[in-house]
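This report concerns only the one structure given below.
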Amino acid sequence: MNFQIVIIAVVILAALGALFGLVLGFAAKVFAVEVDPKEEAVLGCLPGANCGGCGFAGCSGYAAAVAKGAAPVNACAAGGEAVAAQIAEIMGVSAGAMVKQLAQVHCTGCGQNYKQYEYVGLHDCVAASKVPGGGALSCAYGCLGLGSCEKACPFDAIHVIDGVAKVDEEKCKACGKCVDICPRHIIALEPYKTKRHVTIPCSSHDKGVDARKVCDNGCIGCSLCAKNCPKEAITMVNNLAVIDYEKCIGCGICAQKCPRKLITVDGKVPEVKPAAPKAAPAAAPAAAAAPKAEAPKAEAPAEPKE
Amino acid sequence: MGFDLANLFSVALGAILVNNFIFSQFLGICPFMGVSKKIDTAAGMGIAVTFVMGLASAICWPINQFLLVNPAIYGEGGPNLAFMQTVVFILVIAALVQFIEMFLKKSMPSLYEALGIYLPLITTNCAVLGVVLQNTQNGYDFITSVVYGITGGLGFMLAIVIFASIRERLTFSECPKAFEGFPIALMTAGLVALSFMGFSGLKVF
């Protein structure tokens, strides 16, 4: 046995290892990149979900932008006000009040019984929207219910229940992932600033006659809600009532008036109190109220015919 | 041998097509399967591998030549340390990748961002070790080694980009339940490898 060769081998390897170790240690000093300590601190308080709701590439991207002062401290939708306050403390500024936002699916799934054909394919809305006709639903605007949003949600906050996507208000962080993925563009972020949140869960731009053919209670564009809104917060956009949340005070009059019982207040369709609201207008400006009151009646019987 | 362009071309062609690291030598399969879900990331990995393979070839050649297979420096009748090649090269590659990462982070942040997480992943890429070991086994000189390293990396890039583009379509195509995911991906890789066999026997001279 020639031990010389063993010794040389060990020495060479140890020497190379030590040399590389020294070089790397030296290089770590020479090439050290100064990371803003604020950036690391900001990154520390972020949730780390990398949801992209802030508009930056992940939490580290947002932290870098905040540290440079290029991004507001309260842009993290997932973290909410608690995180905004922490970041504000690190950056030495005030966070300001954040308006809580939630994703809202603008479809009640009322068109599910009106299918144009049976869709047999990839269980995915984006794929279904690519086939001719854009999926099984007759309504060209409704929720396809194949759960692309469910898969996209990083917080497990949106689920397809009975064929239509529903948002879990407790879990939703308003990151906007579902808004982006929905091929029908029926999900939107809505501010929840008033105590009573009024929403119009329909996206149909069809005219009333066409809308009736493909769903049970979708918006028919009758504009009763818009006419009755005391704050003029509802406008008709291409046969669809749209709420301006800057003006909405959550009174719920529109929900009372809606002939399709579509508009919801805090997620529920309010029970129409026939006595009080109808008696008041009938008593005073009878002439003005009468045609309005007739409108829903005229539309209601039309339904069974179709 | 000197600066023989025809020979270099032959080596390059061989590394890219005939002896493709993925499809005919089956080296570097782990990153090949792992980072081939999107063409963008596949191309990023390919560039990073090419970069490291070329540099590793350049660094390992003198170490091998002057320290390992040069008994004269250990005195009269010194040992030939060729048996140490594998372990020394692993050490060199690991240190090199670390060094490159630090260097890029400081001096070329844009390239560092572009290579991203792929750079540290290369430490464990056996294609890099394969290229330096083959350099010594084939007795390449310095320039040929570097050319073999870079073109080997290009071959890796070609393979991973081709495979990623197939795999992007594979996601949306129907296949039997039992084959979904990795099984069908491995079969596809096998079929592409089979098609690359068509290059075997390709010779410049």
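The values are calculated or read from the model by the stated rules, or taken from the named source; none is laboratory data. The structure displayed is predicted, hence computed values, not measured ones. Cβ placement follows ideal geometry from the backbone for every residue including glycine, while neighbour counts extend to all protein chains displayed. Note: areas computed on protein heavy atoms with side chains; ligands, DNA, RNA excluded. Shrake-Rupley method; radii C 1.70, N 1.55, O 1.52, S 1.80 Å.
Remark: chain B carries a charge dipole of roughly 340 debye about the Cα centre, counting +1 on each Lys and Arg Cβ and -1 on each Asp and Glu Cβ. Its residue count N fixes a reference of 2.2 N^0.38 Å for segment B:91-143, and the Cα radius of gyration divided by that reference is 1.32. Listed by number, the DSSP H helices of chain A that run 18 Å or longer by alpha-carbon position along their axis and have mean Kyte hydropathy of at least -0.5 are A:3-30, A:286-299.
In the protein assembly as shown, the convex hull through the Cα atoms has an average projected area of 35.0 nm², a quarter of its surface area.
Shown here for segment A:59-120: chymotrypsin sites (Phe, Trp or Tyr not before Pro) in loop regions (DSSP other than H, G, I, E, B) with at most 13 other Cβ atoms within 10 Å, namely A:117. The distance linking segment B:1-40 with segment A:237-264 is 64 Å (Cα centroid to Cα centroid, whole angstrom). Rolling a 1.4 Å probe over the heavy atoms of the protein chains gives chain B an accessible area of 50 Å² per residue. Could you sort the residues of segment A:1-27 by number and keep only those whose accessible area is reduced by 50 Å² or more in the all-protein-chain setting relative to the chain alone, 1.4 Å probe? So the qualifying set is A:5, A:8, A:12, A:13, A:16, A:20, A:24.
Over all pairs of different C-alpha atoms in segment A:25-138, the reciprocal of the mean inverse distance, the Kirkwood hydrodynamic radius, equals 17.7 Å.
What number does chain B give for Rg over Rh if you use C-alpha atoms and the Kirkwood radius?
That ratio equals 1.02.
A dipole drawn for the protein assembly as shown from +1 and -1 charges on Cβ atoms has a positive end, and of B:161, A:131, A:228 the residue lying farthest that way is A:228.
Could you list log10 I(q)/I(0) for segment B:104-205 at q = 0.23 Å⁻¹, which the Debye formula gives when each Cα is one point scatterer? After summing over all Cα pairs, the log10 values are -1.28.
Counting only GluC sites (Glu not before Pro) that are in a DSSP loop and have at most 16 other C-beta atoms within 10 Å, tell me the longest site-free stretch of chain B. Counting at most 16 other Cβ atoms within 10 Å as exposed, the longest clean stretch of chain B is B:77-173. Measuring between their Cα centroids, segment A:134-185 and segment B:155-170 lie 32 Å from each other.
Per q in 0.15, 0.19 1/Å, what log10 I(q)/I(0) does a Debye calculation on the alpha-carbon atoms of segment B:7-63 return? For segment B:7-63, the Cα-only Debye profile gives -0.54, -0.83. Taking each residue as 0.36 nm, the span from residue B:142 to residue B:202 lengthens on full extension beyond its C-alpha to C-alpha distance by 19.1 nm. If R0 is taken as 45 Å, the Cβ-Cβ distance between residue A:31 and residue B:165 corresponds to a FRET efficiency of 0.80. Computed over protein heavy atoms with a 1.4 Å probe, the accessible surface of chain A works out to 55 Å² per residue. The largest-to-smallest principal axis extents of the Cα set in segment B:21-143 are 55, 36, 23 Å. Using a cutoff of 8 angstrom between alpha carbon atoms and counting only pairs six or more residues apart, the relative contact order for chain B works out to 42 percent. The Cα atoms of segment A:17-72 cover 46, 21, 16 Å along the three principal axes, with the biggest extent listed first.
In chain A, helical runs assigned H by DSSP with n ≥ 4 each contribute -39500 (n - 2.57); averaged across all residues and rounded to the nearest 500, the mean residue ellipticity at 222 nm is -11000 deg cm²/dmol.
Within the assembled protein chains, the solvent-accessible surface assigned to residue A:118 is about 150 Å², based on a 1.4 Å probe. Buried surface for the A/B pair, taken as the accessible area of each chain alone minus that of the pair with a 1.4 Å probe, is close to 1700 Å² in total.
Taking A:89, A:246, A:34 as the candidate residues, the one with maximal mean-square fluctuation in a Gaussian network model of chain A, Cα springs under 10 Å, is A:34.
The charge dipole of chain A, taken about its Cα centre with unit charges on the Cβ of Lys, Arg, Asp and Glu (plus for the first two, minus for the last two), comes to roughly 920 debye. Binning the alpha carbon pair distances of chain A at 20 angstrom intervals from zero yields the distribution 26, 41, 20, 8, 4, 1, expressed in whole percent. Hull volume per residue, based on the alpha-carbon atoms of segment A:144-240 and their convex hull, is 120 Å³.
Quick one: which of A:173/B:37; A:166/B:38; A:100/A:261; A:130/A:177; A:207/A:261; A:38/B:38 span more than 23 angstrom between C-alpha atoms?
Details: A:173/B:37 29 Å; A:166/B:38 31 Å; A:100/A:261 26 Å; A:130/A:177 20 Å; A:207/A:261 17 Å; A:38/B:38 34 Å.
In this structure, A:173/B:37; A:166/B:38; A:100/A:261; A:38/B:38 lie more than 23 Å apart at Cα.
Between A:25, A:69, A:147, the residue with the greatest mean-square fluctuation in the GNM of chain A (Cα pairs under 10 Å linked by springs) is A:25.
Among the protein heavy atoms of the protein assembly as shown, carbon and sulfur supply 63% of the accessible surface, probe 1.4 Å, non-protein parts ignored. Work from the charge dipole of chain A (Cβ charges, +1 for Lys and Arg, -1 for Asp and Glu, about the Cα centre) and give the residue of A:119, A:104, A:215 farthest towards its positive end. Going by the Cα projections, it comes out as A:215.
Please state the charge dipole magnitude for the protein assembly as shown, taken about the Cα centre, from unit charges on C-beta atoms (+1 on K and R, -1 on D and E), reported in debye and rounded to the nearest 20. Around 1520 debye, computed over the protein assembly as shown.
Under Stokes-Einstein, with the Kirkwood radius over Cα pairs as Rh, the value for segment A:70-130 at 20 °C and 1.002 mPa s is 137 µm²/s.
Averaged over the residues of B:60-72, the number of partner chain Cβ atoms lying within 10 Å of the residue Cβ comes to 1.
Placing unit charges on the Cβ atoms of the charged side chains and taking the dipole of the protein assembly as shown about its Cα centre, the candidate lying farthest along the positive direction among A:88, B:32, B:79 is A:88. Building the convex hull from the alpha-carbon atoms of segment A:123-171 and averaging its projection over directions returns 3.5 nm². Springs join every pair of Cα atoms under 10 Å in this Gaussian network model of chain A, and among A:70, A:27, A:103 the largest mean-square fluctuation is at A:27. In summary, the aspartates and glutamates within cross-link reach of residue A:231, defined as a Cα separation below 13 angstrom excluding same-chain residues under 8 places away, comprise A:244, A:246.
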